[in-house]
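Participant: Here it is, the structure in full.
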Amino acid sequence: MISGPSGAGKGTLIKEVLPRLRDAELAVSATTRPMRAGEAEGREYFFLSEEDFARRVSEGDFLEHVRYGSYSYGTLRSEVEKNLATGRTLLLEIELEGARSVRKNARDAVSIFIRPPDFEELKRRLVGRDTEDPAEIEKRLERAREELASADEFDYIVVNDNVDRAADELERIIIDSLKGG
Ligand code: ADP
Ligand code: 5GP
């Protein structure tokens, strides 16, 4: 599980590290948030309407799901089951509450927290990414304070100061925890 506040660089680091890992894949979550430029249906997320998301919650399709900012996000059972069948390493990119709930149910899961160098830099990155309006950014920054205060719950903390350095560290952690487990 890879977690950390919005704008810390989770997506950037995963994109960098995923191609270097053999036999690993990223679970595609479902969300009700609008698709960003450059994203594709079924690649970054399965993009659902609030109605379809609620229906799939009631049908038991999610291992966990949360409200985050103004939208819903959830880990699909089907993604995890598909992966269990192949025996590949599954990466989940997931916020704090989701990580807590997966940790309870999958005790062998390894959790990694991606931390920005400091709060001001987090703000700069989130504003600079320019994918949310100011109100949504404000919600994410508020949530970030709680997430940053919970970093110690995670097995590892990677400070994303420099992409190349942090990606190397993340790769090493994943490879080493696979050897251990
Ligand atoms: P997250 O997936 O955690 O929300 P992103 O990967 O989208 O974060 O990164 C947020 C923004 O910060 C993006 O615009 C990205 O290009 C930029 N970014 C990521 N890592 C770094 C870094 N080490 N230094 C500077 N900018 C970064
Ligand atoms: P974003 O809108 O920036 O893609 O994602 C917002 C937050 O939702 C990020 O912290 C991301 O890790 C989290 N997230 C994405 N998918 C899931 C999921 O399936 N479950 C949970 N709990 N969080 C998710």
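The values are calculated or read from the model by the stated rules, or taken from the named source; none is laboratory data. Here the structure is a predicted model, which is why all the values come from computation and not from measurement. FYI the Cβ positions are ideal-geometry reconstructions off the backbone, even for glycines, and counts take in every protein chain you see. Heads up: the accessible areas ignore ligands, DNA and RNA and are worked out on the full protein's heavy atoms, side chains in. Shrake-Rupley method; radii C 1.70, N 1.55, O 1.52, S 1.80 Å.
Participant: Please work out the ratio of the alpha-carbon Rg of the chain to 2.2 N^0.38 Å and round it to two decimals. Don't jump to the answer; show the numbers that get you there.
Facilitator: Working: Rg = 15.8 Å, N = 181, 2.2 N^0.38 = 15.9 Å.
So the chain has a normalised radius of gyration of 0.99.
Participant: What share of the DSSP beta bridges in the chain is antiparallel, in percent to the nearest 5?
Facilitator: 35
Participant: Now a separate question. Report the net charge of residues surrounding Leu92, where surrounding means a beta-carbon distance below 10 angstrom and charges are Lys +1, Arg +1, Asp -1, Glu -1. Before the final figure, lay out each step's value.
Facilitator: Values: positive: none; negative: Glu64, Glu79, Glu93.
Around Leu92, the surrounding residues sum to -3.
Participant: Near Lys82, which lysines are there with a Cα under 24 Å away, not counting those fewer than 8 places off in the same chain?
Facilitator: In chain and number order, the partners are Lys10, Lys15, Lys104, Lys179.
Participant: For a quick protection proxy, order the peptides 166-176, 41-51 by their average other-Cβ count within 10 Å, most packed first. Working shown, then result.
Facilitator: Working: 166-176: 17.5, 41-51: 13.1.
Sorting 166-176, 41-51 by mean packing, highest first, produces 166-176, 41-51.
Participant: Let me ask you something else. Based on alpha-carbon centroids, what's the gap between the range 3-31 and the range 103-138 in Å, whole number please?
Facilitator: So the two Cα centres are separated by 12 Å.
Participant: Next question, about the same structure. Below 8 Å, C-alpha to C-alpha, sequence gap of six or more: please give me the relative contact order for the chain in percent.
Facilitator: On the way: 241 pairs, mean separation 60.6, N = 181.
After rounding, I find 33 percent.
Participant: Amide H of Arg115 versus every other amide H placed in the peptide plane: which residues, excluding those fewer than 5 positions away on the same chain, fall under 5 Å?
Facilitator: Sorted by chain and number, the residues that satisfy this are Val158, Val159, Asn160.
Participant: Over the range 1-94, average the accessible area per residue using a 1.4 Å probe and give it in Å², no decimals. Present the calculation step by step, with values, prior to reporting the outcome.
Facilitator: Working: 4660 Å² over 94 residues.
Per residue, the range 1-94 has an accessible area of 50 Å².
Participant: Most fluctuating residue of Thr31, Thr89, Thr131 in a GNM of the chain with Cα springs under 10 Å: which is it?
Facilitator: Highest fluctuation among the options: Thr131.
Participant: Per the helix-only calculation at 222 nm, which mean residue ellipticity applies to the chain, given -39500 (n - 2.57) for every DSSP H run of n ≥ 4 and division by its residues, nearest 500 deg cm²/dmol?
Facilitator: Working: 7 runs with 82 residues, N = 181.
Mean residue ellipticity, 222 nm, calculated: -14000 deg cm²/dmol.
Participant: Right, here's the next one. Where does the charge balance sit around Ser72 when Lys and Arg score +1, Asp and Glu -1, over other residues with C-beta under 13 Å from its C-beta?
Facilitator: Result for the local shell: -3.
Participant: Let me check I've understood the local charge: for Leu63, count other residues with C-beta under 10 angstrom from its C-beta, Lys and Arg +1, Asp and Glu -1. What total comes out?
Facilitator: Charge balance near Leu63 sits at -3.
Participant: Take the solvent-accessible surface of the protein heavy atoms, probe 1.4 Å, and return the percent of it on the chain that carbon and sulfur atoms account for. Intermediate values should be presented prior to the final figure.
Facilitator: Values: 4820 of 9720 Å².
So the carbon and sulfur contribution to the accessible surface is 50 percent.
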